[in-house]
There are 2 protein chains.
Amino acid sequence: MISLMLEMKTTEFLEALSSSEPVPGGGGASAAAGAMGAALGMMVANLTVGKKKYADVEAEVIEVREKLRAYRERLAELTDRDAEAFEPLSRAYGLPKDTPEQREEKAGVLEQALYEASVVPLEIMETVLRVMELLEALGEKGSRIAISDVGVGILFAGAALEGASLNVFINTKLMKDEKRAAELNGEADRMIREGRLLKEKVYGGVLDHIR
Amino acid sequence: MISLMLEMKTTEFLEALSSSEPVPGGGGASAAAGAMGAALGMMVANLTVGKKKYADVEAEVIEVREKLRAYRERLAELTDRDAEAFEPLSRAYGLPKDTPEQREEKAGVLEQALYEASVVPLEIMETVLRVMELLEALGEKGSRIAISDVGVGILFAGAALEGASLNVFINTKLMKDEKRAAELNGEADRMIREGRLLKEKVYGGVLDHIR
């Protein structure tokens, strides 16, 4: 896994998250929570593979596990990407606005930086949604002894999805191009809807099983 | 912060979580997600303290931050406690059951181990609920520029609360003492209800502000 943020000890990551420094922030933390959701899915897959009782789904569960591994690594990278996207935004806010030319220049640079800072959390959402679909498959086919971990995984993924969406909305709200902002918000809203349905279905199934 | 689990690099923690080894599992991961929620609250507090605009709430916000720090550390410790509570459970499952005496002995040891394995996630829930109350205060009094991080924090805490509850239910379900199991489940249910109300209120407030 390649991630500067997550190469820190978790205690150090928590300390960095607690500080007033802009990164890591809610976006990067959402990617990390999504990675935990993917990891819990991998645990369930690993507890299923090699068991006689689940031999008939083994090939499929291995495939799910390898997809989850790829998404987990992608989300680890996205914790860094989210931090990187903040830099141009911070630079744009610092540009002078003394003359009309400077104000126009600043507005243009800021608009682009806001767009780029919205695209990363949208990509986090997209990746987390794929993780949720794989957790759905594990809720149906994975080992019953690990069903609670499917539940914890879908809860984390749901929180990661909506957490990332907040980082879309704070940026689009400041954009001047209302059409583009509405498009980005529409993408986020579509994924929130899909994610909530998946969460309800998978979490409901887990509760039915363990309560 | 003292935590063997969270002294790992986050990438290593994710790898350990992904494995078929019983710990870290969903309980420890829930404590870690709760710690991230506390850390996000601390960030909001740190972005509030020292700002002229928020001078009149500064003393209160500093107090909130220090409580969050204590709960963050407590949750880091609880990731280890959760792992430790699994050991007696694992040993109990491995006891022989060849004679009636052995079966009786095993049932008694298992019952106690299940109880102890339920108490740790209940303590995670209790701590996370305190974090949620502090995030509620920050949603009202913290810096507006960090309002989305209050939202991400309450989402993580909500997922941590319900994730830990699943680890109560899987253990109480196996207990023979139905009265004790019902008491533990009742505690978990009460905290889930409180937590859902807090989450709805705080998250709703955040959405009202940023959308």
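Return the total of residues in segment A:2-19 being closer than 19 Å to A:Glu84 by Cβ and not in a helix (DSSP H, G or I). Going through segment A:2-19 one residue at a time, the tally reaches 5.
In segment B:135-152, how many residues are surrounded by fewer than 24 Cβ atoms within 10 Å (Cβ to Cβ) and assigned to a helix (DSSP H, G or I)? Summing the residues that are surrounded by fewer than 24 Cβ atoms within 10 Å (Cβ to Cβ) and assigned to a helix (DSSP H, G or I) in segment B:135-152 gives 8. Is it the case, given these coordinates, that B:Glu66 is closer than 24 Å to B:Ser148 by Cα, touching a residue at least 24 places away in the same chain (Cβ under 8 Å) and out of contact with any helix residue (DSSP H, G or I) (no Cβ under 6 Å at 6 or more places or on another chain)? Answer is no for this residue.
Residues are listed down the side, and each one gets a yes or a no for (1) in contact with a helix residue (DSSP H, G or I) (Cβ under 8 Å, 6 or more places away or on another chain); (2) modelled with pLDDT under 95; (3) more than 8 Å from chain B (Cβ to nearest Cβ):
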residue: A:Leu135; (1), (2), (3): yes, no, yes
residue: A:Lys141; (1), (2), (3): yes, no, yes
residue: A:Ala159; (1), (2), (3): yes, no, no
residue: A:Gly163; (1), (2), (3): yes, no, no
residue: A:Ile170; (1), (2), (3): yes, no, no
residue: A:Arg190; (1), (2), (3): no, no, yes
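For segment A:46-76, the candidate set comprises residues that are over 26 Å from the mean Cα position of the chain (by Cα) and part of a helix (DSSP H, G or I); within that set, the residue that is farthest from the other protein chains (Cβ to nearest Cβ) is A:Asp56. Answer with yes or no whether B:Val109 is surrounded by fewer than 17 Cβ atoms within 10 Å (Cβ to Cβ), of a type outside the set (D, E, K, R) and either within 22 Å of the chain's Cα centre (by Cα) or in a helix (DSSP H, G or I) (or both). In short, yes. When restricted to residues that are more than 15 Å from the chain's Cα centre (by Cα), within 13 Å of another protein chain (Cβ to nearest Cβ) and not acidic (Asp, Glu), segment A:192-211 contains 9.
Among the residues in segment B:88-95, are any part of a helix (DSSP H, G or I) and facing chain A (nearest Cβ under 9 Å)? Can you show your working first?
From segment B:88-95, those part of a helix (DSSP H, G or I) are B:88-94; that's our starting set.
Okay, now just the ones that are also facing chain A (nearest Cβ under 9 Å), so none.
No, every residue in segment B:88-95 fails to be part of a helix (DSSP H, G or I) and facing chain A (nearest Cβ under 9 Å).
Among the conditions (1) more than 16 Å from A:Asp177 (Cα to Cα); (2) out of contact with any Leu (no Cβ under 6 Å at 6 or more places or on another chain); (3) not aliphatic (A, V, I, L, M), A:Gly108 misses just one, which is (1).
The values are calculated or read from the model by the stated rules, or taken from the named source; none is laboratory data. Values in this document were obtained by computation on a predicted structure and should not be read as measured data. Positions of Cβ are backbone-derived with ideal geometry, glycine not excepted, and every protein chain shown enters the neighbour counts.
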